[in-house]
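Here is the structure we will look at, set down as structure tokens.
The values are calculated or read from the model by the stated rules, or taken from the named source; none is laboratory data. From a predicted model like this one, the values you see are computed outputs, not experimental measurements. Virtual Cβ from ideal backbone geometry, glycine too; neighbours counted across all protein chains shown. Each accessible area value is taken on the protein alone, full model and side chains, heavy atoms only, with ligands, DNA and RNA left out. Shrake-Rupley method; radii C 1.70, N 1.55, O 1.52, S 1.80 Å.
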Amino acid sequence: MDKISVIGLLLGLVAITLGQWLEGGHIASLLQFTAFLIVIGGTAGAVMLQSRVVDFVAGMRMVKWVFVPPVHDFRRILNTLTTWSQQARRTGLLGLEQFVQSEKDPFVKRGLQMLVDGAEPDTIRHAMELDIDAWELHARAAAKIWEAAGGYAPTIGILGAVLGLIHVMENLSDPSRLGAGIAVAFVATIYGVGSANLILLPIANKLKFHIGTEVRRREMLTEGLITIANGENPRMMESKLAAYL
């Protein structure tokens with residue numbers, strides 16, 4: 001669990017509601033279903049319109065990384081690569097076949113298999129770099145839906161405010177109905193600006209960070225496998241890959 005993400009989200013929401021209460025306002029006045037429907041529904045619709053289905057679905061699934069991020073233990077990766085390097089020096093590259101069978105990561109398994117099959121180092125590097133580029137392109141497109149939502153939400157909030165004011169103007173002759181329209185107008189703006197800056201854009205930035213870390217992990221694995229393919233000393237590999245720690 002990424003505790004700082006949970007604390008940050010709660011702190012932002014509590015600060016706003018507490019500020020409303022300290023100013024003498026009622027917390028219930030911030031709860032307007034109509035404003036929520038306009039902002040969330042309009043923002044979701046705009047994001048869907050600009051996105052591919054596969055990117056939208058992947059972005060929704062990826063949001064769990066904000067609170068339960070993928071584990072990137074670079075020290076463990078270095079130890080694993082060192083073990084593979086030592087095994088390759090003792091028994092040759094064919095000795096790594098046992099690790100291919102037990103490897104669950106498709107990216108690593110593909111690289112190891114090419115290594116065992118005797119592919120040239122440049123061929124292995126090219127194939128793995130293409131894999132990294134393709135994965136990063138797809139992952140960033142998925143994360144971009146949250147960045148796009150953060151851009152649309154404030155504008156949709158303003159749209160909700162205008163709709164609320166239209167409702168107010170239509171009912172100037174009936175003072176009892178003015179309050180609801182004004183409430184929707186202002187709360188819609190709060191929902192739009194607040195959701196963008198407290199939730200949507202921070203989610204996009206956190207996902208970008210995790211994507212960058214995953215790319216770095218794959219680059220480290222690529223460099224390690226190339227080092228093994230070149231038959232370099234395991235100690236030299238440790239020194240080279242220490243920059244990733």
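Can you tell me the dipole magnitude for the chain around its Cα centre, using point charges on the Cβ only (Lys, Arg +1; Asp, Glu -1), in Debye to the nearest 20? It would help to have the intermediate numbers written out before the result.
Details: 22 positive and 22 negative charges, 92 e Å.
Around 440 debye, computed over the chain.
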Inset, instruction - Counting only C-alpha contacts under 8 Å and six or more residues apart, can you give the relative contact order of the chain as a whole percent? - result: 31 percent
Legend entry - Carbon + sulfur, % of accessible area of the chain - ligands and nucleic acids excluded, 1.4 Å: 65 percent
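Using just the helices of the chain, give the 222 nm mean residue ellipticity in deg cm²/dmol: DSSP H runs with n ≥ 4 each add -39,500 (n - 2.57), and the total is spread over all residues, rounded to 500.
On the way: 10 runs with 188 residues, N = 245.
The per-residue figure over the chain is -26000 deg cm²/dmol.
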Inset, instruction - Between the alpha-carbon centers of region 215-245 and region 1-48, tell me the distance in whole angstrom. - result: 46 Å
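Any idea what the dipole of region 1-108 comes to, in debye rounded to 20, about its Cα centre with Lys/Arg Cβ at +1 and Asp/Glu Cβ at -1?
On the way: 9 positive and 7 negative charges, 72 e Å.
Computed charge dipole of region 1-108: roughly 340 debye.
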Legend entry - Correct option for Cα extents along the principal axes in Å [calculated from the coordinates] among (i) 48, 39, 30; (ii) 65, 38, 33; (iii) 90, 36, 25: (iii)
Inset, instruction - Check cross-link reach from residue 3 to the lysines: straight Cα distance under 24 Å, and skip same-chain residues fewer than eight apart. - result: 64, 144, 206, 208
